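Report on the structure given below.
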Amino acid sequence: MSNSRSKSIINKYQSRQELFIHQIMNILCKHSIVIQKYLVRRVRSVSTFASEFNKVPTQAAFSLKDFKKHRESQGLFEIHELQSHNGFSTLKKDVTRNAQRLVDEAISPSRTRKLVQVFDELSDELCRVADMADFVRIGHPDSKYRAAAEDACMSVSSIVQQMNTNVELYKSLHAVVNDGDKLSDQSYDDTDRRVAQLLLDDFEQINVLF
């Protein structure tokens, strides 16, 4: 084979190879554009919530003035009574009244709800105020709020101490554990019995009868 023919074949092969590479590159470029458009559509389709979440905050986005204005209109933690620190006094009175109402229900011979339900509501009533007040007592920047919250914590602790030494409350719980909840018009199952036993154990650990 002559040199000229060999060069011709080589050149043709190289041309085809270059054409093939060129076609591959075009395909890749087209797909790259498609991928880019897809990613753009995906980014643009991000929810409003995610967009706001990912937004870099600015000074105008939040201010202490806005926070105070919101607190004054809605109350701290959106608790209406806590539009000022004086609201803790109201919460303290409310929890004292509600706790006494539930204790009276628990020891009443005309009770119709399960005793464990009454105790559950009583616990929730106390913890809602105590946990929130304890957080404010530790973390609030305003000393008036901290002092009012601490006073509320002490009031709830006093209520709990009174309940822990309430003999009538202990006797009601003891009767339910031993004989079942005969006063309730609802079914009394193993879960209720287990909860009642745990509550009774708590009473007996602090020697309520002494």
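The values are calculated or read from the model by the stated rules, or taken from the named source; none is laboratory data. Here the structure is a predicted model, which means the values were calculated and not measured. Heads up, the Cβs are rebuilt from the backbone with ideal geometry, glycines too, and the neighbour counts pull from every protein chain shown.
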Discussion item. So for region 143-164 (the condition being in contact with a Gly (Cβ under 9 Å, 6 or more places away or on another chain), modelled with pLDDT of 90 or more, in the same structural domain as His85 (by TED's automatic domain parsing) and under 30 Å from Ser89 (Cβ atoms)), does at least one residue qualify?
Written reply: yes
Worksheet item: Just to be sure, is Leu102 closer than 20 Å to Ser155 by Cβ, surrounded by 14 or more Cβ atoms within 10 Å (Cβ to Cβ) and either over 23 Å from the mean Cα position of the chain (by Cα) or not basic (Lys, Arg) (or both)?
Response: yes
Discussion item. Looking at Phe135, Phe119 in this structure, which one is part of a helix (DSSP H, G or I), aromatic (Phe, Trp, Tyr) and closer than 30 Å to Asp190 by Cα?
Written reply: Phe119
Response to the item:
Given the conditions (1) within 30 Å of Phe77 (Cα to Cα); (2) part of a loop (DSSP other than H, G, I, E, B); (3) in contact (Cβ under 8 Å) with a residue 40 or more places away in the chain, every one holds for Leu183 apart from (1)
Discussion item. Can you go through Val160, Val156, Val176, Val95 and tell me which one is part of a helix (DSSP H, G or I) and touching a Cys at 6+ places or on another chain (Cβ under 9 Å)?
Written reply: Val156
Response to the item:
Reported set for region 186-208 where residues are in a helix (DSSP H, G or I) and more than 27 Å from Arg128 (Cβ to Cβ) is Asp190
Discussion item. Can you find a residue that is surrounded by 15 or more Cβ atoms within 10 Å (Cβ to Cβ) and either closer than 28 Å to Lys92 by Cβ or outside the structural domain of Gln100 (by TED's automatic domain parsing) (or both) anywhere in region 176-193?
Written reply: no
Worksheet item: If only one of Ser63, Ser110, Ser89 is closer than 30 Å to Arg146 by Cβ, modelled with pLDDT of 85 or more and among the polar types (S, T, N, Q), which one is it?
Response: Ser89
Worksheet entry | Filtered residue count, region 118-155, keeping only those that are surrounded by fewer than 18 Cβ atoms within 10 Å (Cβ to Cβ) and not hydroxyl-bearing (Ser, Thr, Tyr) | 19
Discussion item. Take the residues in region 105-116 that are part of a helix (DSSP H, G or I) and not charged (D, E, K, R); name whichever of them is surrounded by the fewest Cβ atoms within 10 Å (Cβ to Cβ).
Written reply: Ile107
Worksheet item: Here are some conditions: (1) under 17 Å from Val195 (Cβ atoms); (2) in contact (Cβ under 8 Å) with a residue 24 or more places away in the chain. Leu102 meets all but one. Which one does it not meet?
Response: (2)
